[in-house]
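Here the structure comes first, spelled out in structure tokens, and everything after it is commentary.
Derivation of every value follows stated rules applied to the coordinates shown; laboratory data play no part. In this text, all values refer to a predicted model and were calculated from it rather than measured experimentally. In this analysis, Cβ positions are derived from the backbone assuming ideal geometry, glycine residues included, and neighbour counts consider all displayed protein chains.
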Amino acid sequence: MKVSILVIEDDARMAELISRGLNEYGYTVTLADDGTRGLRMALDNHFDLVVTDIILPGMNGLEVCKRLKVADERYPIIMLTALGTTNDKVDGFDAGADDYMVKPFEIRELNARIHALLKRSASLPKSDVLHFADLELNRLTKVVKRGEVELNLTPKEFNLLEYMMLNSNRVLPKSEIAEKVWDTTFDTGTNFIDVYISYLRRKVDKEFDRKLIHTKPGMGFILKEENENSK
């Protein structure tokens, strides 16, 4: 059975290029030229994956992403847009996007991102509740607690903490975090991973005496039980 993909793109030429390119890789592609229509189609049909631009008529891609994730938090979504600053990427990931590609791009890279995202979605860990130290992460309810305190995490902060908990006591290079959490190649010209680590620290560590998220300069980040200054 072919993988079905919804592409939400208002530029007719770009939409046709994406559709033709993905068809050559064997995907079944459906097009929507505005956000409102795309959201309705995604909710009514539940495609295997959605690729959406951000700047769209009717409803922007960020809002489309948020609403799809409310309906089904596991709906795989790739944002494909000309907006490529760190802040743009953070906004996209905060909206719930699983991956983010900046135009111009190559269809073969988009295919690789799609393949990686679908593979990761199909092989999510079976354990519903993860524990590390006094952290508890419930993958079903999306509730995260440290001790008795509930932490309010964004979707990408949740995914980042989940990956760190699954790989606790091991230094995680930025390149690995980019690949495994964002399904992308780490771009040394942006600092979005550092930004998200900072966000996560504020919620996981700031109000607690025992710090769990640590920096290994020049190496990456590690989740471990150790009282030391983290940067």
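Data for the structure
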{"item": "Residues (more than 14 Å from residue 73 (Cα to Cα) and assigned to a loop (DSSP other than H, G, I, E, B)) located in the range 122-160", "result": "123, 125, 126, 127, 128, 133, 134, 147, 148, 152"}
{"item": "Positions within the range 43-52 being surrounded by fewer than 24 Cβ atoms within 10 Å (Cβ to Cβ) and free of Cβ contacts under 8 Å to residues at least 60 places away in the same chain, in sequence order", "result": "43, 44, 45, 46, 47"}
{"item": "Test set (1) without any contact (Cβ under 8 Å) to a residue 60 or more places away in the chain; (2) over 17 Å from residue 156 (Cα atoms); (3) of a type in the set (A, V, I, L, M, F, W, C) - residue 65 fails condition number", "result": "(2)"}
{"item": "Near pairs, Cβ below 6 angstrom, 6+ apart or cross-chain, from the range 83-103 (farther than 21 Å from residue 153 by Cβ) to any residue that is in a loop (DSSP other than H, G, I, E, B)", "result": "83/54; 102/84; 103/82"}
{"item": "Top-ranked residue in the range 201-218 [being surrounded by fewer than 16 Cβ atoms within 10 Å (Cβ to Cβ) and touching a strand residue (DSSP E or B) at 6+ places or on another chain (Cβ under 9 Å); ranked as farthest from residue 151 (Cα to Cα)]", "result": "216"}
{"item": "Considering residues of the range 148-167 that are surrounded by 15 or more Cβ atoms within 10 Å (Cβ to Cβ) and among the aliphatic types (A, V, I, L, M) only, the residue farthest from the chain's Cα centre (by Cα)", "result": "151"}
